[in-house]
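Notes to accompany the following structure.
Any read-out appearing in this document is the output of simple, stated calculations on the displayed coordinates, not a laboratory observation. What you are looking at is a predicted structure, and each value in this text was computed from that prediction instead of being measured. Here the Cβ positions follow ideal geometry from the backbone for every residue, glycine too, while neighbour counts run over all protein chains shown.
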């Protein structure tokens, strides 16, 4: 599975939207490890982005 396919499949899982064709492709892979790793990376990115956003908003307070 290519990197972009893995990324888009994991993003689709984050939002809960996935075509049946892509779901079949994802479940036919031999190992779930790439999906787990990509999910952890995306979750960390989301948390860091939220922390950055909150800090930017709090620093804008007069």
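Given the -39500 (n - 2.57) contribution per DSSP H run of 4+ residues, what per-residue ellipticity at 222 nm results for the chain, rounded to the nearest 500 deg cm²/dmol?
Only helices count here, giving -25500 deg cm²/dmol.
To the nearest 10 degrees, how steep is helix 3-15 against the longest Cα principal axis of the chain, on a 0 to 90 scale?
In the chain, helix 3-15 runs at an angle near 70 degrees to the longest axis.
Ratio of Rg to Rh for the chain, alpha carbon only, Kirkwood?
Using only Cα positions, Rg/Rh for the chain is 1.18.
Could you rank the peptides 49-57, 31-39 by their average count of other C-beta atoms within 10 Å per residue, with the highest value first?
The densest-packed peptide leads the list: 31-39, 49-57.
For the residue pair residue 21 and residue 35, what label-to-label distance in nm results when each label sits 7 Å from Cα along the Cα-to-beta-carbon direction?
Each label point is offset 7 Å from its Cα along the Cβ direction, giving 1.9 nm.
What is the calculated FRET efficiency for residue 52 to residue 11, with r their C-beta to C-beta distance and R₀ = 25 Å, to the nearest 0.05?
Numbers: r = 19 Å, r/R0 = 0.77.
E(calc), rounded to 0.05, equals 0.80.
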